[in-house]
Amino acid sequence: MEYNFRAIESKWQQHWKNSGTYKVSNDSSKPKFYVLDMFPYPSGAGLHVGHPLGYIASDIYARFKRLKGYNVLHPMGYDAFGLPAEQYAIEHGVHPAVSTKQNIENFRRQLDKIGFCFDWDRQVNTSEATYYKWTQWIFLQLFKSFYNRNNSRAESINNLVAAFETTGNSDHAFPNANYKLASGSKTFSAEEWKSFDEFTQQSILMEYRLAYCGYGEVNWCEALGTVLANDEVINGVSERGGHPVVKKKLRQWYLRITAYADRLLEGLERIEFSDAMKEMQSNWIGKSYGAEIDFRILDHDDILKVYTTRPDTIFGVDFMVVAPEHELIEKITTKKHRQEVEDYLAYVKSRSERERMAEKKISGCFTGAYAINPLNLREIPVYISEYVLAGYGTGAIMAVPCGDERDFRFAKHFEIPITNILGDKFNGEDANPTYDAELQDSDFLTGMMMRDAAEVVVTDLEGYGRGKRKVNYKMRDAAFSRQRYWGEPFPIVWKNGIAYPLNEKELPLELAHVESYKPGPEGEGPLANIPAWIARDLETNTMPGYAGSSWYFLRYMDPQNEVEFCSREASDYWGQVDLYIGGTEHAVGHLLYSRMWTKFLFDLGYIGHDEPYKKLVNQGMIQGSSRFVFRIRGTHQFVSAGLKDQYETDQLHVDVNMVDGFELDTEAFKKWRNGEYANAEFILEEGKYICSAEVEKMSKSKFNTVNPDDLVEKYGADTFRMYEMFLGPVEQSKPWDAKGIEGVHRFLRKFWRLFYDEIKGRVWTEEKPTDAEYKALHKAIKKIEEDTERFSFNTAVSTFMVCANELSELKCNKKAILEPLLVLLTAYAPHTAEELWSLLGNSGSVLDASFPVFEQKYLVESVKEYPVSINGKLRTTMVLSLDATQQQVEELVLTNDTVLKWLEGKSPKKIIYVKNKMINIVV
RNA sequence: GCCCGGAUGGCGGAAUUGGUAGACGCGUCAGACUCAAAAUCUGGUAUUCGCAAGGAUGUGCAGGUUCGAUUCCUGUUCCGGGCACCA
C-alpha cells in the first residue's frame with residue numbers, strides 16, 4: 001500500500017467539508033484562541049507561493065491550539081477593493097465586481113487544495129455591500145465624533161455642539177493650531193457660535209470631526225486626465241505612457257489619526273509586537289519635544305514660525321529654510337529674486353515627496369528676505385529648499401549648520417558663513433549634532449551645557465511671547481479618499497458646500513454601476529460621470545484600500561449580523577486576536593489604522609478592548625526574481641540592459657513569464673497589458689533584448705509571482721505545507737526556490753512506510769516499545785511542542801525527519817510510538833495524519849485527539865560526552881558522569897593523553913568546567 | 001536621504017541563555033539492489049595541508065570585550081522591506 005497522497009488529500013478535504021470539521025462556535029466551554037492571517041487582496045494572478053507561507057504557519061498554530069484544547073477561531077476572507085481590479089477593468093472592460101468574483105473563486109480553489117482549517121462560513125469580502133455597509137457605518141461614527149482632548153477619548157460631536165452653545169470653544173481649541181475664523185480669531189463665544197450661519201458652524205465642526213474634509217496634494221497626470229497612485233509614477237512620469245506628473249491640490253477626506261498619536265504609542269507597551277515593529281511604529285508617529293519659535297521678517301508684519309527640537313542652538317542659526325509650499329513665500333520674496341523663486345517652485349512641483357527626501361543634491365534659492373533672531377536680533381537670510389517638507393512641523397526651520405548635517409551641506413553649497421557655537425566640538429568639516437557640548441559664542445548661554453540650555457531658551461522666549469514649548473508629531477492625518485471607482489462610496493451628500501451624513505437607515509450606499517472607469521472632470525473619480533449619482537449630490541470620492549481592513553477582524557466574530565457590525569457579546573467572547581500573522585510591509589499602514597479604529601470603537605463603547613492584536617508574528621517575505629526593461633524617457637523605445645547607460649531611461653517591471661532567463665520575448669511584450677506596448681521599438685544587443693534582474697518581494701504588481709498549484713499537484717498539499725515551513729524561519733525573508741521539495745516528499749513517504757509497506761502492506765504492530773523507541777518519541781514530542789509554540793516551524797519539520805530516521809533505523813513499527821507521533825504531525829501534514837489515524841482504527845478526526853504529553857523520564861541520561869578545549873580550541877572529547885564535580889573533572893582531564901600532549905608539560909592556569917556544557921583548559 | 005531588518009558550506013538553513021559551527025534537507029560523489037531504469041538503501045561531502053595520524057583556516061568586512069563570540073559592543077559594506085494613493 002503506497003502513499004497515494006492525491007487520493008488521500010481529496011478524500012479528506014471532501015470529508016472535512018461535509019462534516020463541518022472546521023466550523024467554530026461562539027459558544028464553548030473551552031478557552032478561546034483567535035488566530036488571524038492578514039487577508040489577501042485577490043489579484044488576477046492568483047495565489048502565489050508567498051501567500052501560503054503565513055497561512056500555513058497560522059494553520060499549524062491553530063491546529064496545535066485545537067489539539068491543546070482551545071476553541072480556535074481561524075477565519076479567512078478577501079480585501080477585495082483596490083486599484084488593480086480597476087486597472088484591469090480599464091484594460092479589459094471587465095467590471096471589477098466580475099473580475100473580483102472570479103479571482104476570489106480562484107483563490108478559494110487554491111486555498112482549499114492546501115488543506116487549511118478555515119471556517120469558511122465566516123468568510124468576509126470587503127467589496128460586498130453586506131460588509132461595506134458597516135465600513136460606511138463606522139465611517140459615519142467617525143464623521144459624527146470628535147476627539148475630546150480633556151478626557152482623551154472620542155465622543156459624539158453633539159457633545160461638542162452642546163459645549164459650543166454654553167461656553168464657545170474655550171474648552172476645545174481648534175485641533176489645528178493655525179486655524180482661524182474669518183475674523184482672524186482662534187476662539188469664539190457661545191453667543192458668537194449661535195450667531196454663525198450653518199455654513200460657518202459646519203465648517204467649524206469639520207475642524208473637529210475624526211473623519212473630515214480638507215485639501216491635499218495628489219499625483220496629477222494631465223495627459224491621462226487622472227490622479228495616479230505613487231506606484232504608477234516612476235521618476236516623475238507616469239508608468240503608463242511616460243507622461244509628466246505634477247502635484248495638484250484636491251479636496252480630500254482625512255482621518256484624524258493624530259488625535260490618537262499618544263494612545264497609539266502607549267498601546268505599544270501592552271502588545272507583543274517585535275521590538276523592530278514597535279520601533280517602526282513609534283518612529284512613524286515621531287513624537288518629539290521642542291519649541292515653536294517666532295521669527296519676525298525684516299520690513300514685514302509677518303511672523304515666520306519654526307518648530308525646532310533644538311532651541312539650545314538658537315545662537316547658531318545662520319539662515320532659515322521654508323518649504324516650497326510655504327504661504328509666506330509669495331509675500332516676502334523680493335522683486336530681485338522673484339523669477340529665480342518661481343523657477344525653483346516649478347521644479348519642485350514636479351518632484352514627489354519621496355524624491356525630495358531622498359535627494360542628495362542640494363537645491364534651493366534665496367527669497368531676498370531676512371528673518372530676525374528673536375534673542376539677538378541678528379538678521380538671517382530666508383531660503384527655500386525642497387528638503388523642508390510642508391507637512392512636518394510648521395514647514396519652516398531655523399538652520400544651524402554647525403549642528404545639523406543637511407543644514408551644513410546647504411550652507412556650504414550656498415557659501416553661507418557658519419557660526420560655531422560648539423567650540424572645539426565642531427571641526428568645520430562635519431556638523432556635530434551633540435547635546436554634550438559647552439555652548440560658545442551664544443550670548444547669555446555661553447558656557448552652559450547644551451542639554452540644559454533648551455529649557456532656558458524656551459522659558460526666555462515665552463517671557464517675550466516669542467515662542468512656546470511644543471510637542472510635535474511626524475505622523476500626519478491619514479488621507480482617506482481616492483479619486484477611484486472600486487472602493488467604498490462615502491455615505492455623504494454635499495449641499496451648498498456642506499457635507500451631510502446619510503441616515504444610517506439608508507446604508508449601505510451601494511456602489512453605482514458605471515459604463516466607463518474613466519476619471520471624472522477635474523480629477524474627480526469615475527462616480528462623477530454618473531448623472532444619477534451627481535443628481536443626489538453624493539460624494540464622488542471613494543474610500544482607500546485600508547478602510548475595509550481596519551476592522552475586518554471584528555466582523556469574523558459575527559459575520560452574518562445584520563443589525564450590528566459585530567455584537568458586543570461576540571466581541572467580548574473572542575476579544576483580542578491572540579495571534580496575528582502577516583508581513584512587515586504593513587508595519588505602519590494597516591497596523592496603525594486598525595489600531596486606531598479599534599481605539600475609536602472602544603471609546604464609543606462598541607467593543608471592550610482597545611488593542612486589536614495581542615501578539616503579532618511577522619512572516620518574512622518570499623522573494624521573487626523580477627525582470628526589468630528600460631524605456632527611453634519620453635519615447636516608446638526600449639533599450640537592452642547592457643546599453644541603458646547611454647540613454648536617460650525609466651526602469652519598468654515586465655512579467656517574468658515573458659522572459660527566458662534574461663532575454664525578453666519582444667513579441668509577447670508587444671501584446672502584453674492589452675497592447676499597452678504594441679508600438680514598442682527595441683534597441684537590442686547582439687540581436688537580443690536583455691532584461692536586468694532584481695530580487696524583490698513576490699507580488700503581482702512586480703510581475704514576478706510563482707503559483708503553488710503545480711507543486712501541490714505534483715507532490716501534494718502536505719508536502720507543500722511542510723516544504724514552505726522547511727524553507728527557513730517564518731520571520732525571515734527568502735527567495736523562492738522549489739528544488740528542495742523532494743526531500744520533504746521523501747520524508748512523508750518514509751513516514752508512511754513506518755505504517756504501510758508497498759509490498760508487505762500493513763507493518764504496524766501492537767508490540768510494546770523499547771526504551772530507545774520511547775526516547776526517540778519523547779525527544780520529538782518535546783522539541784516539536786517547543787518549536788511549534790515559538791513559531792520555529794522549520795526546526796520542527798527537521799525534528800520529524802530525525803525522528804522518522806531514528807524509528808526506521810530501530811525498525812520500529814509500533815502503534816504505541818507511531819500513534820502519538822501522528823497527533824504531532826496533524827498540524828503540519830493534516831491529510832496524511834487523518835488517513836493514518838483512521839487506518840490505525842480510530843474513528844473521528846485526529847484533530848479531536850489530545851496532544852501527547854512529554855515525559856522527562858524517557859530522556860534521562862547519566863553521562864555526557866564533553867568537548868574539551870585548550871585555550872578555547874577544541875582538542876578532544878571525554879565522556880563524563882553528569883554529576884561529576886569540578887575536582888573530579890580536573891583530575892580526570894589531566895589523565896587524558898590529548899590534554900597532556902597539548903599541555904607540553906606545563907600546568908594549567910585554570911580549568912573551566914560548565915556542567916552539561918563544556919570543559920576549557922587555560923594554559 | 002530617513003526608519004527597520006538580514007548576511008553562516010555549492011544551495012535552503014541549524015546552533016533556544018556567550019560553551020563541540022554546519023543538525024535536517026537539497027545537490028553532488030562512491031557503493032548496494034536491478035538486464036537496465038525508477039524507487040529504495042548504505043557511506044562520504046566547509047576550505048586547505050597531509051598517505052595517514054593530525055594540523056591550519058573558517059559564520060559579509062575591520063576592530064573590541066571574554067577562558068571561550070555565529071551569539072555581546074563599536075565601525076563599515078552589500079542585500080531586502082517601508083517612507084503616507086500597491087495591498
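The values are calculated or read from the model by the stated rules, or taken from the named source; none is laboratory data. Note that the structure is predicted; figures quoted are calculated from it, not measured. When we count neighbours, we look across all protein chains shown, and the Cβ atoms used for this are built from the backbone with ideal geometry, even at glycine. These accessible areas exclude ligands, DNA and RNA; they are computed on the full protein's heavy atoms, side chains included. Shrake-Rupley method; radii C 1.70, N 1.55, O 1.52, S 1.80 Å.
Okay, here's what the table says:
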| quantity | calculated |
| --- | --- |
| Shape of segment A:604-758, Cα gyration tensor, a/c cut at 1.5 | oblate |
| D_trans [Stokes-Einstein, Kirkwood Rh over alpha-carbon pairs] for segment A:486-546, 4 °C, 1.567 mPa s, µm² s⁻¹ | 107 µm²/s |
| Whole-percent carbon and sulfur share, accessible surface of segment A:287-473, 1.4 Å | 48 percent |
| Cut-off 18 Å (backbone N to label point 7 Å along Cα→Cβ of A:Glu766), residues of segment A:819-835 | A:819-820 |
| Sites A:Asn178 and A:Thr200 - FRET efficiency at Förster radius 22 Å, r taken between beta-carbons, to 0.05 | 0.75 |
| Cα-derived Rg over Rh, computed across segment A:861-922 with Rh taken as Kirkwood radius | 0.93 |
| Distance from segment A:206-250 to segment A:321-341 (C-alpha centre basis), Å | 24 Å |
| Exposure rank, largest accessible area first [A:Arg153, A:Arg63; 1.4 Å] | A:Arg153, A:Arg63 |
| Within segment A:479-575, trypsin sites (Lys or Arg not before Pro) in DSSP loop having at most 14 other beta-carbon neighbours inside 10 Å | A:Arg536 |
| Part-to-part distance (alpha-carbon centres) for segment A:7-83 and segment A:382-418, which is given in Å | 53 Å |
| Accessible surface, segment A:622-702, averaged per residue in Å² (probe 1.4 Å) | 50 Å² |
| For segment A:861-922, accessible area per residue (1.4 Å probe, heavy atoms of protein chains only), Å² | 66 Å² |
| Theoretical ellipticity at 222 nm over chain A - DSSP helices of four or more residues, -39500 (n - 2.57) apiece, nearest 500 | -10500 deg cm²/dmol |
| Paramagnetic label zone (point 7 Å from Cα along Cα-to-C-beta, A:Ser352; backbone N under 17 Å) in segment A:637-671 | A:649-654 |
| Calculated log₁₀ intensity ratio I(q)/I(0) where the Debye formula runs over C-alpha points of segment A:295-377, q = 0.13, 0.18, 0.20 Å⁻¹ | -0.49, -0.90, -1.05 |
| Segment A:111-152, accessible surface, carbon-and-sulfur percent (1.4 angstrom probe) | 42 percent |
| R0 of 51 Å, Cβ-Cβ distance A:Asp27-A:Ala223: FRET efficiency to nearest 0.05 | 0.30 |
| Spacing of the two label points (7 Å from each Cα toward its C-beta) at A:Val914 and A:Lys901, in nm | 2.6 nm |
| For segment A:738-858, projected area of the alpha-carbon convex hull averaged over all directions, nm² | 7.8 nm² |
| Heavy-atom accessible surface of segment A:622-702: percent carbon and sulfur, 1.4 Å | 42 percent |
| In segment A:770-819, the trypsin sites (Lys or Arg not before Pro) that fall in loop regions by DSSP, at most 15 other Cβ within 10 Å | A:Arg790, A:Lys811 |
| 18 Å Cα-Cα threshold exceeded, pairs from A:Lys739/A:Lys811; A:Lys30/A:Lys65; A:Lys68/A:Lys783 | A:Lys739/A:Lys811 |
| Point-to-point label distance, A:Ile303-A:Val563, nm (Cα→Cβ direction, 7 Å offset) | 5.5 nm |
| Segment A:287-473: radius of gyration and largest Cα-Cα distance (Dmax), Å | 15.9, 46 |
| Rg followed by Dmax, in Å, when chain A is reduced to its Cα trace | 33.4, 103 |
| Å² of accessible area per residue within segment A:287-473, as computed with a 1.4 Å probe and no ligands counted | 49 Å² |
| Electrostatic dipole magnitude of chain A [Cβ: Lys, Arg +1; Asp, Glu -1; Cα centre; debye, to 20] | 1740 debye |
| Net charge, A:Arg721 excluded, C-beta distance under 13 Å - Lys, Arg +1, Asp, Glu -1 | -2 |
